[in-house]
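*Asks:* Have a look at the structure that comes next, please.
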Amino acid sequence: MVKWQVNEAKAKFSELIKKGQEGPQIIVSRNKEVGVLISFEEFQEFQKYKVQLKKPSLLEFVDSLRDVRETQTDIRIPPRKNRKTAARIHDCTLVTRNEKDFLGTKIAILNPFYCS
């Protein structure tokens with residue numbers, strides 16, 4: 001990264017712009033870094049990065065689901081062996097790819113791996 005004094009950056013602005021296409025150019029005033037010139041492409045990447053930082057990570061998302069589950073005590077996920085009974089009692093659609101396990105049970109099944 002090249003450092004430019006403010007006066008030099010003003011005097012050689014066209015050159016500064018060209019060099020900015022090659023990599024970040026640091027602007028210095030009174031021995032203090034006060035700005036950076038970067039290419040527009042780098043700026044766009046930075047903007048995308050900032051947006052991505054605001055999105056929750058998968059871990060944060062799962063934690064938020066746990067928070068919901070802890071505050072809503074009426075949500076109960078039955079053990080795998082009891083899901084057939086729970087789906088029947090609560091009149092729910094069961095999402096599974098193991099359709100054959102539920103043949104003849106009158107439970108509504110949704111297979112997410114089968115597209116019709």
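The values are calculated or read from the model by the stated rules, or taken from the named source; none is laboratory data. These numbers were taken from a predicted model, which means no experiment stands behind them. Cβ placement follows ideal geometry from the backbone for every residue including glycine, while neighbour counts extend to all protein chains displayed.
*Asks:* Quick one: Ser64 ticks every box in (1) among the small types (Gly, Ala, Ser); (2) touching a Ser or Thr at 6+ places or on another chain (Cβ under 8 Å); (3) at pLDDT below 85 bar one, so which box is it?
*Replies:* Of everything listed in (1) among the small types (Gly, Ala, Ser); (2) touching a Ser or Thr at 6+ places or on another chain (Cβ under 8 Å); (3) at pLDDT below 85, Ser64 misses just condition (2).
*Asks:* Are there strands (runs of 3 or more DSSP E) fully within region 1-46 with at least 1 residues that are surrounded by 13 or more Cβ atoms within 10 Å (Cβ to Cβ) and aliphatic (A, V, I, L, M)? List them.
*Replies:* 25-29, 32-37
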